[in-house]
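The values are calculated or read from the model by the stated rules, or taken from the named source; none is laboratory data. Bear in mind the structure is a predicted one, so any value in this text is a computation, not a measurement. Positions of Cβ are generated from backbone atoms using ideal geometry, with glycine treated the same way; all protein chains shown enter the neighbour counts. Please note that ligands, DNA and RNA were not included when accessible areas were found on the heavy atoms of the full protein model with its side chains. Shrake-Rupley method; radii C 1.70, N 1.55, O 1.52, S 1.80 Å.
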Amino acid sequence: DEVPTLRRYDNMTDGFSKQKQYNSKTTNANKKANETIQSSLVQNQKMISEVFNEMKELVLSKNRQYGDSVLDPKRYFSSAPTDEQIKVRIDDKLNRLVLGNDSLESDDDIIKDLIGYLTLLLVYRRKK
């Protein structure tokens with residue numbers, strides 16, 4: 001009668017052991033997944049930083065090149081408010097992007113210009 005009782009306990013402890021092994025494998029898999037996510041996050045953050053640095057240099061360079069014409073327009077022809085002029089430029093760029101005609105400029109160049117104009121719009125709004 002004692003032998004079956006011992007077997008029953010052996011089966012129970014074997015079940016705990018299998019559960020512990022399963023939990024250990026799951027924990028290791030979760031750790032690897034988290035490491036992969038963290039690595040990807042760090043890599044993406046580096047790329048975001050690079051793009052913003054590139055955009056900063058581009059916007060500052062164009063601002064110097066064009067004599068601050070977006071934020072301080074000379075108004076030879078248009079008398080529209082500055083923010084409306086910036087919005088018209090944004091509309092033009094969006095239209096080019098939607099049309100998809102890259103014979104004038106690539107989609108990436110249009111996107112960069114959009115980021116630039118949107119940045120300048122924020123600057124203008126903060127100046128008000």
**Prompt:** Which entries in Lys56/Lys127; Lys62/Lys127; Lys25/Lys46; Lys46/Lys87; Lys62/Lys87 show an alpha-carbon gap greater than 23 Å?
**Reply:** Lys25/Lys46; Lys46/Lys87
**Asked** Leaving out ligands, DNA and RNA, what percent of the accessible area of the range 69-114 is carbon and sulfur, probe 1.4 Å?
**Response** 52 percent
**Item:** Cα→Cβ-extended label distance, 7 Å offset, between Ala33 and Lys128, nm
**Value:** 4.7 nm
**Request:** Please calculate the 1.4 Å probe accessible area of Tyr117, with all protein chains present, and give it to the nearest 10 Å².
**Result:** 50 Å²
